[in-house]
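Undergrad: Supplied in structure tokens, the structure appears directly below.
Here, each number is a calculation from the coordinates, and none is a lab measurement. Bear in mind the structure is a predicted one, so any value in this text is a computation, not a measurement. In this analysis, Cβ positions are derived from the backbone assuming ideal geometry, glycine residues included, and neighbour counts consider all displayed protein chains.
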Amino acid sequence: MQTAKIHSVETLGALDGPGIRYVLFLHGCPFRCKFCHNPDTWKSGGFKTVSSSEIFEDVAKYADFFKFSKGGFTASGGEPLMQKKFLIELFGRLKSIGVETAVDTCGYADIDEDTEELASLTDLFMLDIKHLDPDTHLRLTGKPNDKVFNFLNFISAKGKRIWIRIVLLEGLSATPEYIKKISAFLKNYKIEKIELLPYHNMGEKKWEELGLKYELKDAKTPDRGKVAALAKILEDDGYVVSFQ
Ligand code: SF4
């Protein structure tokens, strides 16, 4: 029986995929995004250990509800692809009772046998593109972005449903130039939806509690008018877009 280190569970989530969802936030992440809301998933401790059966039995209680709302189960984090064997076991059981499965990921994963198997059990991937520019990506996350694009190529070649998530940061990604660039880049793929996530400083308190320096203290949240204008650029290019 596989077990996982988890951060938390949300049983009636509406933000992490279609419909009403059971969202499991897994512990651990290879990135150190400067805007992270869940830096507590980076700690070496502070997680809860659960078995795949425990989570399966809990999710199964909501199966009819998911069908009614066209929802399902989302593995989020942290970075769920750090615990692939657990997800393979869980997703296999969820698929057997007709629960739709999604993975919300930063895409920083090796393409190995486990990734192949998990992809075969996953209906939807929600992939964050933190930044197209390699240096900016490295600066924002602490890791290069080449693996992320390999992962995008992999799920695209598998014909998976793909949502792309873009954090809008003033001066870096919340600009018409950047949005046009990412729009042109994504034309190479079949993207079901793009979600624009305006930066906000909700995670700042957690950084302080963990004794970490929050470098984006002075960063501003792009206003709604600006976000709508950026969304319009993508819509005009034929994408389905949502934003908060
Ligand atoms: S990928 Fe997500 S969980 Fe990981 S550091 Fe970045 S924002 Fe935080």
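Undergrad: Taking the Cα centre of the chain as the origin and placing charges on Cβ (Lys, Arg +1; Asp, Glu -1), which of SER51, SER120, GLY238 is farthest toward the positive end of the dipole?
TA: My answer, from the dipole projection, is GLY238.
Undergrad: Which of rounded, prolate or oblate describes region 160-200 when judged by the alpha-carbon gyration tensor and an a/c cut-off of 1.5?
TA: Numbers: a/c = 3.87, a/b = 1.49, b/c = 2.60.
Oblate is the answer for region 160-200, as a/c is 1.5 or above yet b/c matches or exceeds a/b.
Undergrad: By how many degrees, 0 to 90 and rounded to 10, does the Cα axis of helix 84-96 deviate from the longest principal axis of the chain?
TA: For helix 84-96, the angle is close to 70 degrees.
Undergrad: Another question, then. Can you give me the distance in nm between label points at ARG224 and LEU12, each placed 7 Å from the Cα along the Cα-to-Cβ direction?
TA: Distance between the two pseudo-spin positions: 2.4 nm.
Undergrad: Taking 0.36 nm per residue of sequence separation and subtracting the Cα-Cα distance, how much length would be gained by fully extending the chain between SER69 and LEU212, in nm to one decimal? Show your work: numbers first, answer last.
TA: On the way: separation 143, 0.36 × 143 = 51.48 nm, distance 3.96 nm.
Extra length from SER69 to LEU212 when fully extended: 47.5 nm.
Undergrad: Also: Placing +1 at every Lys and Arg Cβ and -1 at every Asp and Glu Cβ, with all other atoms neutral, what dipole size does region 3-243 have around its Cα centre, in debye to the nearest 20? Present the calculation step by step, with values, prior to reporting the outcome.
TA: Values: 34 positive and 35 negative charges, 60 e Å.
Using only the charged Cβ atoms, the result is roughly 280 debye.
Undergrad: Any idea what the dipole of region 88-161 comes to, in debye rounded to 20, about its Cα centre with Lys/Arg Cβ at +1 and Asp/Glu Cβ at -1? Don't skip to the end; give the middle numbers.
TA: On the way: 9 positive and 14 negative charges, 51 e Å.
Once rounded to the nearest 20, the dipole reads 240 debye.
Undergrad: So, one more: Project the alpha carbons of region 75-150 onto their principal axes and report the range along each, largest first, in whole Å.
TA: 44, 20, 17
Undergrad: Still on this structure: How many nm is it between the label spots at ARG32 and GLU117, if each spot is 7 Å from the Cα in line with the beta carbon?
TA: 3.2 nm
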